[in-house]
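Q: Could you have a look at this structure, given as structure tokens, before my questions?
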Amino acid sequence: MKKLLSAVIGLALISSAALTAAPKTEGNIKKIRPKQTVTLDIYSQLANYSGIQTGWFADLMLEKFNVKINIIPETGGAYQTRMEAGNLGDIVVWGDNTDKYASACKKGLLLDWEADKLLDNYGPYMKANMKLALQKNKFMDSPDKKMHGFGHGVSTSAKDIQQFFYTWDLRFDLYEKIGKPEVKTLEDLVDVLAKMKEICPKDDNGNPTYGVSLFNDWDGNMVMYVKSLATAYYGYDEFDFGLYDPDTGKFYDCLDPDGPYLRCLKFINKLNQKGLVDPDSVTQKYDGMSEDYQNGSAFWNIFNWMASGTYNSDEHVKAGKAMYPVCPKDAHTIVYGQSVYGGNRLWTIGSKTAYPELCMAIINWFSTPEGFMTTQYGPKGVTWTIKGGKSYLTEFGKKAMADQNNTIMPAPYKGTFHDGAFQINNITWCADAYNPLTTNETYNRVFWESEQTPAQSDIEQKWRDWSKASSPDLYLQKTTYRIAPGSLYTGAGTPDDLTMKWNQVAECIKNETWKAIYAKTDAEYDSIVKKMIADAKSYGYEDCCAHTRKQAEKRAAAEKQARATK
């Protein structure tokens, strides 16, 4: 393992000069467009959508590739069913690069991108501009040492950080009305949200309001929102059954009575005891939660996509309502470093596809500057354009980004912008990577020169005056935060001898966590947590954590080397 790690790091050092240069052009890709319309199955473990892609993106795929895409999410045991059938799909998107991915490699269910010059002929942009990410997949991710794809969020620079993902968005108009009380700790938010509900008991549709609305789609080894809150507050990254401190390399298991997971669980239960957690949270999916924020049903959320993409519509902003970051004083929000090796959410192609060239050409287009911009912002010339080396949203694009759910697309497209949104739910480039079609601008519109404008509303100006910053990122850069660097660390996944224990522990923690969230009293909460700890340990929790502690040592070593190469 050490020899392999040194070899790939050596490759990174040799190639470092190329990383800072702008990516090359698309290259001479062989044109491929079948005469008859083809439907491709895209099995995406990250998708929140099931069925045929619709709307403007579907129209673009039909026009460019004569393709319809059928998205198959990871629900109802899809992975196991498809593995047993020996056919994962045409394009396969992985939620991580660990045991399930490794199993597919070993069973020959993923295409070798280097076979028959497939990458050379139909993926030239990827080959020219994602060399380290591709090599990392071949030598680090894939147990058969074949190149099956690359990980998400590839960067053009190893030195830069990404945009803040956890932004602590709060209904700032309500925060103002209650006198903008100082939020020193996480627990201070309980009273803040309770006071907000007092002055705003109903949402846009006359339904009850809450402090927070949750959902269960993204639960993994733990309940997603609880562990994400711990990540946002402590700056520790999710790591198997706990959290990992990128500064020290220490692993905090989630059932430590004094640890970050249980502190955040207790906080959410406190919210619930005050009637501040949407009671539908345990049963609703992502779309239900998103609708809550769109309607103003909840006041607080930690993710950067919630305010700008859901609540801060033109209608709300014109009415003086908006969500903006209000970070607790003692939080150490995590921010992720960019990685030239890509992340753990992999783009691959199923070995049983009848259309390997077409699949490769499509992923290659997703990886070109125009293709990536399209997946993020919509059709070129309709929602965005590039002039004089600078990126711009069109007037229609600004409207679409502000209110995706209600902005009707112009002809020849049909439906709203949201109806046609890219549903595979993975990225090729890091949003903060540099776009070679521009002069020193990234793909992230938050930082485009054209987007750096005076406050567009009174409520935004009030937040700027309060935060003494002109954007959420500039505000958060002034707070205390931790950086989790991009590195060559690849998770080991679940060892075969731990699989049964691991699954039992995960189900126990998820089920009991939700019960604890909805506990009506402190005594009931303590009883549920005590039972969760005892049951998880009886299923083999300590064995699982022992495995993860060894992985934490490997991750810390890889991150130490990554820091040294910058």
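Q: Looking at Lys266, Lys329, Lys321, Lys352, which one is assigned to a helix (DSSP H, G or I) and more than 21 Å from the chain's Cα centre (by Cα)?
A: One residue alone meets the criteria, Lys266.
Q: Looking at segment 483-502, which of the residues that are assigned to a helix (DSSP H, G or I) and either aliphatic (A, V, I, L, M) or modelled with pLDDT under 85 (or both) is least open to solvent (accessible area, probe 1.4 Å)?
A: Leu498
Yes/no matrix, rows are residues, columns are (1) under 15 Å from Phe57 (Cβ atoms); (2) open to solvent by 10 Å² or more (accessible area, probe 1.4 Å); (3) modelled with pLDDT of 95 or more; (4) of a type in the set (Asp, Glu):
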| site | (1), (2), (3), (4) |
| --- | --- |
| Thr368 | no, no, yes, no |
| Tyr377 | yes, yes, yes, no |
| Gly388 | no, yes, yes, no |
| Thr416 | yes, yes, yes, no |
| Gly420 | yes, no, yes, no |
| Thr442 | no, yes, yes, no |
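Q: Inside segment 81-96, can you point out the residues that are open to solvent by 10 Å² or more (accessible area, probe 1.4 Å) and under 24 Å from the mean Cα position of the chain (by Cα)?
A: Asp90, Gly95, Asp96
Q: Here's a follow-up. Report every pair of residues separated by at least 6 positions or lying on different chains whose Cβ atoms are under 6 Å apart, first residue within segment 130-149 and closer than 20 Å to Asp99 by Cβ, second in a loop (DSSP other than H, G, I, E, B) and open to solvent by 50 Å² or more (accessible area, probe 1.4 Å).
A: Met147/Glu114
Q: Give the residues of segment 286-323 that are open to solvent by 30 Å² or more (accessible area, probe 1.4 Å) and in contact with a Leu (Cβ under 9 Å, 6 or more places away or on another chain), sorted by residue number.
A: Lys321
Q: May I ask you to say which residue of Asp245, Asp191 is at pLDDT 95 or above and either open to solvent by less than 40 Å² (accessible area, probe 1.4 Å) or in contact with a Pro (Cβ under 7 Å, 6 or more places away or on another chain) (or both)?
A: Being at pLDDT 95 or above and either open to solvent by less than 40 Å² (accessible area, probe 1.4 Å) or in contact with a Pro (Cβ under 7 Å, 6 or more places away or on another chain) (or both) holds for just one of Asp245, Asp191, which is Asp245.
Q: Return yes when Thr385 is over 25 Å from Met323 (Cβ atoms) and either part of a helix (DSSP H, G or I) or without any contact (Cβ under 8 Å) to a residue 40 or more places away in the chain (or both) and no when it is not.
A: yes
Yes/no matrix, rows are residues, columns are (1) open to solvent by 60 Å² or more (accessible area, probe 1.4 Å); (2) in a strand (DSSP E or B); (3) at pLDDT below 95; (4) in contact with a Phe, Trp or Tyr (Cβ under 6 Å, 6 or more places away or on another chain):
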| residue | (1), (2), (3), (4) |
| --- | --- |
| Ala47 | no, no, no, no |
| Trp56 | no, no, no, yes |
| Leu60 | no, no, no, no |
| Glu63 | yes, no, no, no |
| Ile69 | no, yes, no, no |
| Ile72 | no, yes, no, yes |
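Q: Moving to a separate point now. Checking the structure you have, find out if any residue of segment 168-178 is closer than 30 Å to Ala319 by Cβ, hydroxyl-bearing (Ser, Thr, Tyr) and either open to solvent by less than 30 Å² (accessible area, probe 1.4 Å) or assigned to a loop (DSSP other than H, G, I, E, B) (or both).
A: Yes; the residues of segment 168-178 include at least one that is closer than 30 Å to Ala319 by Cβ, hydroxyl-bearing (Ser, Thr, Tyr) and either open to solvent by less than 30 Å² (accessible area, probe 1.4 Å) or assigned to a loop (DSSP other than H, G, I, E, B) (or both).
Q: Give segment 524-545 a look and list any residue that's of a type in the set (Gly, Ala, Ser) and either in contact with a Lys or Arg (Cβ under 8 Å, 6 or more places away or on another chain) or open to solvent by less than 50 Å² (accessible area, probe 1.4 Å) (or both), or say none.
A: Ala536, Gly540
Q: Go through segment 220-230 and give me each residue that's at pLDDT 95 or above and not aliphatic (A, V, I, L, M).
A: Across segment 220-230, the qualifying residues are Asn221, Tyr225, Lys227, Ser228.
Q: Taking Ala516 as the residue in question, decide whether it is in contact with a Ser or Thr (Cβ under 6 Å, 6 or more places away or on another chain) and part of a helix (DSSP H, G or I).
A: Considered against the rule, which asks whether it is in contact with a Ser or Thr (Cβ under 6 Å, 6 or more places away or on another chain) and part of a helix (DSSP H, G or I), Ala516 comes out as no.
Q: Would you confirm whether any residue within segment 197-206 is among the hydrophobic types (A, V, I, L, M, F, W, C), open to solvent by 50 Å² or more (accessible area, probe 1.4 Å) and at pLDDT 95 or above?
A: Checking segment 197-206: at least one residue is among the hydrophobic types (A, V, I, L, M, F, W, C), open to solvent by 50 Å² or more (accessible area, probe 1.4 Å) and at pLDDT 95 or above.
Q: Can you confirm whether Trp466 is hydrophobic (A, V, I, L, M, F, W, C) and open to solvent by 20 Å² or more (accessible area, probe 1.4 Å)?
A: Here the answer is yes, as Trp466 does meet what is asked.
Q: A follow-up question, please. For segment 422-437: of the residues being in a loop (DSSP other than H, G, I, E, B) and open to solvent by less than 20 Å² (accessible area, probe 1.4 Å), which is farthest from Ser155 (Cα to Cα)?
A: Ile424
Q: What's the number of the condition Ile349 fails, among (1) of a type in the set (A, V, I, L, M); (2) in contact with a Cys (Cβ under 9 Å, 6 or more places away or on another chain); (3) open to solvent by 10 Å² or more (accessible area, probe 1.4 Å)?
A: Against the list (1) of a type in the set (A, V, I, L, M); (2) in contact with a Cys (Cβ under 9 Å, 6 or more places away or on another chain); (3) open to solvent by 10 Å² or more (accessible area, probe 1.4 Å), Ile349 comes up short only on (3).
Q: Only one of (1) in contact with a strand residue (DSSP E or B) (Cβ under 8 Å, 6 or more places away or on another chain); (2) open to solvent by 50 Å² or more (accessible area, probe 1.4 Å); (3) not polar (S, T, N, Q) fails for Leu474. Which number is that?
A: Here Leu474 meets the rest and fails (1).
Q: I've got another one for you. Taking the condition of being of a type outside the set (Ser, Thr, Tyr) and surrounded by 24 or more Cβ atoms within 10 Å (Cβ to Cβ), how many residues in segment 223-241 meet it?
A: 7
The values are calculated or read from the model by the stated rules, or taken from the named source; none is laboratory data. All of these numbers come straight from a predicted model, not from anything done at the bench. Here Cβ is always computed from backbone atoms with ideal geometry, including for glycine, and neighbour counts include all displayed protein chains. Surface areas here come from the heavy atoms of the whole protein model, side chains and all, with no ligands, DNA or RNA. Shrake-Rupley method; radii C 1.70, N 1.55, O 1.52, S 1.80 Å.
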